[in-house]
Amino acid sequence: MPYCFVPHCSSGSAAKNKYYEENNMPKPRFFSPGTEERKNEWEKVIKREDTAMTLSSRVCSEHFTVSDFELEYITPVVDGSLHKIPRGKAKLNPKAIPSIFPNYPTYYQPKLSKRSAPKNRGSPKKNPKKIVLPAVEPDIVVTDDPQSSEIVHPENLQEEEEICNANASISTTPPWSCTEIHNLQKPINWVVGSTLEVTRKMIVHIDPETEQINKLITFSDHQPPIIKLRGVLFTSDIAPKINSAAAAQTLLEKIDKIKLCSGTGYKNKKFSNACQLAVKKGKRCQDCTKLHDRLRKIGYRQEKVEKRKKEKQEKKIKLKNKIQSLTRSRLNLIAKVKKYKRKVEHLIRQCQAKDETVIAEAISKLPAAQQEAVKACFAASKRKGPSGRRYTAEWIYECMLMRIKDKKLYNHIRRHEILVLPATCTINGYLKHYGGAYGFQPQVLEMLKKKTADMPAKKKER
C-alpha cells in the first residue's frame, strides 16, 4: 500500500476497514493535492516539519470526513426525481481538507467551524400577518405584533397582501440559469457541451493546433463556475458566483484572453509539475522555462554523444574501406610483379636458347668495347647468380681502367646492373700484379723485342 504523508498513520488496518464499512465508505484510498493552493491548505493542517509537502504527496482517506467524498452518481430523471448510483471509487470534493488526525494532540487538531443554515433570503414583509376581527364601528384590524398599535382599514388590507405575494414570487424565482449559456456570444473555437445534470452546463475551448480541449468552464445554477485550464483546476478571483448572463459573458471573455503556457516543447516532458498554466508575457511560465533549458542542455549533451559515436563509426568504416583498398592494390601489385618476373624469365630463356653466332652477327656492327660489354651481359645471363661468371681478358682490362679512373662510378654501374662488372675484390686482385713505375714497363719492352725479332731492317728503322 502507498505511503501516507501524515506521520504515524496506519492506513489499511482491520479496525479502519470496519470503520469504513459501518459508515458506508469505500476502502482506504490515497489522494494528492493536485494544485498549489490546495497543497498549501493541506500542509497548514497536517503540520509536518521534517519534510515539505509536494503536489505528488499522498494523504489516505481516513483523514477526511464522510461529507468530503462524493459516494454516488446523481442523474436527473424526466419526472423530476434524482437517480443515484453508488460509485466504485470515492471521489474527493475539490474543497476537501483533511480534518481527522487521531494520533495528533488536542492543540494540533484543526478547528473546523460548522456553517449555520442559510437564512430566508426572501424580501421582508412590510407588516406581519394581519388578523381581521368582526366588523365593529369603526372597522379595526388588529395585528399579532404586540408592539404595534397601528389601525388598518380593511380596504387597504387586500392591496398589501397582493404586494407581499408579488414580492414573494419575485424572490423565489432564480436570477440565473446555466441553460442561458447557449445565448452567449462565444469567441472563436469555443463550444457548448452538456452534462448528465440539468443544472450544470459546460463550455470548452478547443486548441486549433492540437485539436484538444485546453480551457473548460462549468456553469451551475447554485454554485460559482469551475474553471479548468488543461485539465487542472484554476483558482482565481475572476470567477465569482454568476447571477446574470452579462456576468457569464464577461467571465467567458476574460478566460478567452488568458494566454496558456506553451510548455517545454519536448515530447518526453511537455509541462513542468509546477506549471503556472497562465502566462502574462512570453510563451512559457518560469517553471516550464527552467525545465525547457534543462531539457535543452540534456538534449545538447545527448546530441554531442551521438555525434561522437557517429563520427567514430564513420572513421571505423573509412579505415576498413581504406584497408580493403590497400589490400586490393597490394595484391594487384604482387600479381603484376609476378607477371613481369615470368616475362623476364621467359625472355632470359629465349636469349639462352639463341646461338652465339646469331648474337655475334647482331653485334658485329658495334664498336669493340660495346661488343665486349654485350658478350659479358649474355654470358652472365646464363648464370643463376653473380658467382661463377667468366669474363674475357679484354673486358677485364676495360673494367680495370674504369676502376682506376673512378671508384664511385664503378660501384654505381655495378650496383644498379647497368653493365655486368666483376666484383671490386676481383679487380683488386688483378691490380696487385701490376707494379706502378715511371716510364715504360719491362713487359712492354719484352713484347716489342719479340715482335721486332722477325721484322726486316727497313721496318725496324721506321
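The values are calculated or read from the model by the stated rules, or taken from the named source; none is laboratory data. Source: prediction; values computed, not measured. Positions of Cβ are generated from backbone atoms using ideal geometry, with glycine treated the same way; all protein chains shown enter the neighbour counts. Heads up: the accessible areas ignore ligands, DNA and RNA and are worked out on the full protein's heavy atoms, side chains in. Shrake-Rupley method; radii C 1.70, N 1.55, O 1.52, S 1.80 Å.
Can you pull the percent of the range 197-323's accessible area that's carbon plus sulfur, 1.4 Å probe, other chains left in place?
The nonpolar share, carbon plus sulfur, comes to 51 percent.
If the cut-off is 18 Å between C-alpha atoms, which lysines fall inside it for K450, apart from same-chain ones fewer than 8 positions away?
Output for K450: K458, K459, K460.
Check cross-link reach from K338 to the lysines: straight Cα distance under 19 Å, and skip same-chain residues fewer than eight apart.
Here the lysines satisfying the reach criterion relative to K338 are K384.
Using a cut-off of 23 Å between alpha-carbon atoms, which lysines can reach K315, once sequence neighbours fewer than 8 places away in the same chain are excluded?
Straight-line reach from K315, under 23 Å: K304, K307.
List the chymotrypsin sites (Phe, Trp or Tyr not before Pro) within the range 26-62 that fall in a DSSP loop (any state other than H, G, I, E or B) and whose Cβ has at most 11 other Cβ atoms within 10 Å.
Loop-located and lightly packed - none at all.
Please tell me which of these pairs span more than 31 angstrom C-alpha to C-alpha: K339/K382; K341/K375; K241/K280; K39/K186; K39/K267; K259/K297?
Going by Cα-Cα distance, K39/K186 fall outside the 31 Å limit.
For T199, what accessible surface area do you get with a 1.4 Å probe? Give it in Å², rounded to 10.
Accessible surface of T199 is approximately 60 Å².
If you count only protein heavy atoms with a 1.4 Å probe, what accessible area per residue comes out for the range 335-443, rounded to a whole Å²?
Ligands and nucleic acids excluded, the result is 81 Å² per residue.
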